[in-house]
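> Pasting a structure here, questions to come.
The values are calculated or read from the model by the stated rules, or taken from the named source; none is laboratory data. In this text, all values refer to a predicted model and were calculated from it rather than measured experimentally. Cβ: placed from backbone, ideal geometry, glycine included. Neighbour counts: every protein chain shown.
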Amino acid sequence: MGKIILTGDRPTGRLHVGHYVGSLKRRVELQNSGEYDEVFIMIADAQALTDNADNPEKVRQNIIEVALDYLACGLDPKKSTLFIQSQVPELCELSFYYMNLVTVSRLQRNPTVKSEIQMRNFEASIPVGFFTYPISQAADITAFKATTVPVGEDQMPMLEQTREIVHKFNTVYGETLTMPEILLPDNKACLRLPGTDGKAKMSKSLGNCIYLSDSEADVKKKIMSMFTDPNHLRVEDPGQVEGNPVFIYLDAFCRDEHFAKYLPDYQNLDELKAHYTRGGLGDVKVKKFLNAVLQEELEPIRQRRKEWEKKIPEVYEILEAGSKKAEAVAAETLADVKRSMKINYFEDKELIAEQAKRFMEGEH
Ligand code: ATP
Ligand code: MG
């Protein structure tokens with residue numbers, strides 16, 4: 001059996017550097033590794049609507065933004081299938097059957113959903129669609145027989161839920177679905193990149209993001225006003241690097257060669273951290289270095305995005321072709337699922353013949 005990737009993003013905003021280190025950069029590497037038979041990248045518009053039902057325009061406008069970010073980062077439509085979730089209706093049908101395999105209390109235990117409910121002030125009235133999105137995510141993953149799901153740490157409970165559904169389905173109906181594995185970033189700092197405000201997660205919904213498409217000036221402005229160690233008031237004060245987002249971003253992005261290029265007084269990040277910790281190193285100097293490192297990473301992405309922005313109709317053609325291909329694959333899985341669940345009445349000639357015989361013989 002081949003190796004297949006499925007992953008994606010909600011079109012609730014442009015993509016940011018958290019998405020980049022958490023999943024996007026890895027996807028491009030995996031796509032180019034030649035080790036995967038198929039790479040499916042989904043723009044999860046139906047999932048985005050579960051908490052934006054009253055704002056479909058937001059979702060609609062952000063589909064192109066996410067697609068442009070994909071292409072800018074190097075996802076290549078010749079190697080990866082880029083598609084839109086809502087254009088693959090088979091995913092809804094799969095979700096509908098998987099819902100029978102999951103209890104309400106199991107969904108209530110999902111820690112990511114719990115914190116997202118709080119964040120959205122949904123405590124009093126959670127939309128059913130939002131509550132059940134981990135099930136729909138299981139449909140997305142299994143529809144493409146994904147073996148590998150490269151995502152950030154916040155997706156761990158979703159993968160766990162999917163694996164439980166696969167196990168349950170295969171136990172009840174016979175071996176049908178592929179068991180997926182999560183692929184988390186190797187670098188600890190990339191598991192869940194914090195926001196520029198120091199909050200635990202950079203998130204489109206929190207407005208604490210550095211977007212891949214931000215201008216050079218905007219990136220610089222955001223970095224220079226980033227939250228750091230609040231007790232590091234004067235340059236000579238000792239500072240804390242743990243939990244300090246500026247150093248977490250450096251952990252995520254900087255390599256030794258950046259020091260030779262932009263900050264030759266230090267050999268590597270350990271030396272810089274040691275100086276900050278003992279005091280005598282100002283935030284501004286560290287932030288300027290981070291800015292240089294990030295700009296180097298983002299500039300080629302920005303340039304490629306500008307090229308694709310001139311070809312919007314072509315981007316939609318890519319998404320349409322990708323969605324058609326994705327639908328064909330999902331339809332095969334759905335047929336397998338229905339066969340296993342014995343809801344394939346019309347193709348089951350044996351069933352029809354056996355019942356015809358039984359009724360003829362008056363045995364019912
Ligand atoms: P929303 O607030 O609408 O949920 P989001 O910023 O959480 O948006 P998603 O589309 O939900 O983004 O997530 C897409 C992918 O990016 C997932 O694989 C997720 O794990 C990863 N991801 C999102 N935010 C971060 C982050 N701050 N650090 C690392 N990975 C992240
Ligand atoms: Mg999210």
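> Does segment 187-207 contain any residue that is touching a residue at least 24 places away in the same chain (Cβ under 8 Å), within 16 Å of ligand 2 (Cβ to nearest atom) and among the polar types (S, T, N, Q)?
Yes.
> Please work out which one of (1) more than 10 Å from ligand 1 (Cβ to nearest atom); (2) more than 17 Å from ASP283 (Cα to Cα); (3) at pLDDT below 95 is the condition SER213 fails and give its number.
Single failed check for SER213: (3).
> Check segment 348-362 and report whether any residue there is over 23 Å from the mean Cα position of the chain (by Cα), among the small types (Gly, Ala, Ser) and outside any helix (DSSP H, G or I).
Initially, segment 348-362 is screened for residues over 23 Å from the mean Cα position of the chain (by Cα), giving 348-362.
With among the small types (Gly, Ala, Ser) added as a condition, the list becomes 353, 356, 362.
The next check asks that each one be outside any helix (DSSP H, G or I); those that pass are 362.
Taking every residue of segment 348-362 in turn, at least one turns out to be over 23 Å from the mean Cα position of the chain (by Cα), among the small types (Gly, Ala, Ser) and outside any helix (DSSP H, G or I).
> Let me ask something else about it. Please find, among LEU159, LEU177, the residue that is within 30 Å of TYR97 (Cα to Cα), in a loop (DSSP other than H, G, I, E, B) and either without any contact (Cβ under 8 Å) to a residue 24 or more places away in the chain or more than 10 Å from ligand 1 (Cβ to nearest atom) (or both).
Just a single option satisfies the conditions, and that option is LEU177.
> Might you let me know whether segment 220-236 holds any residue that is in contact with a strand residue (DSSP E or B) (Cβ under 7 Å, 6 or more places away or on another chain), among the aromatic types (Phe, Trp, Tyr), within 16 Å of ligand 1 (Cβ to nearest atom) and in contact (Cβ under 8 Å) with a residue 24 or more places away in the chain?
The first filter runs over segment 220-236 and keeps only residues in contact with a strand residue (DSSP E or B) (Cβ under 7 Å, 6 or more places away or on another chain), leaving none.
Looking through segment 220-236, none of the residues is in contact with a strand residue (DSSP E or B) (Cβ under 7 Å, 6 or more places away or on another chain), among the aromatic types (Phe, Trp, Tyr), within 16 Å of ligand 1 (Cβ to nearest atom) and in contact (Cβ under 8 Å) with a residue 24 or more places away in the chain.
Here is a yes/no grid of residues against (1) crowded, with 17+ Cβ neighbours inside 10 Å; (2) under 25 Å from GLY322 (Cβ atoms); (3) touching a strand residue (DSSP E or B) at 6+ places or on another chain (Cβ under 6 Å):
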residue	(1), (2), (3)
THR103	no, no, no
ASN121	no, no, no
ALA124	no, no, no
ALA138	yes, yes, no
GLN161	yes, no, no
LEU177	yes, yes, no
PRO194	yes, no, no
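> Taking the criterion of being among the charged types (D, E, K, R), closer than 20 Å to ALA321 by Cα and within 8 Å of ligand 1 (Cβ to nearest atom), would at least one residue in segment 10-29 satisfy it?
yes
> Now for a different question. On the basis of being within 14 Å of ligand 2 (Cβ to nearest atom) and of a type in the set (A, V, I, L, M), does LEU212 make the cut?
For LEU212, the condition - within 14 Å of ligand 2 (Cβ to nearest atom) and of a type in the set (A, V, I, L, M) - is not met.
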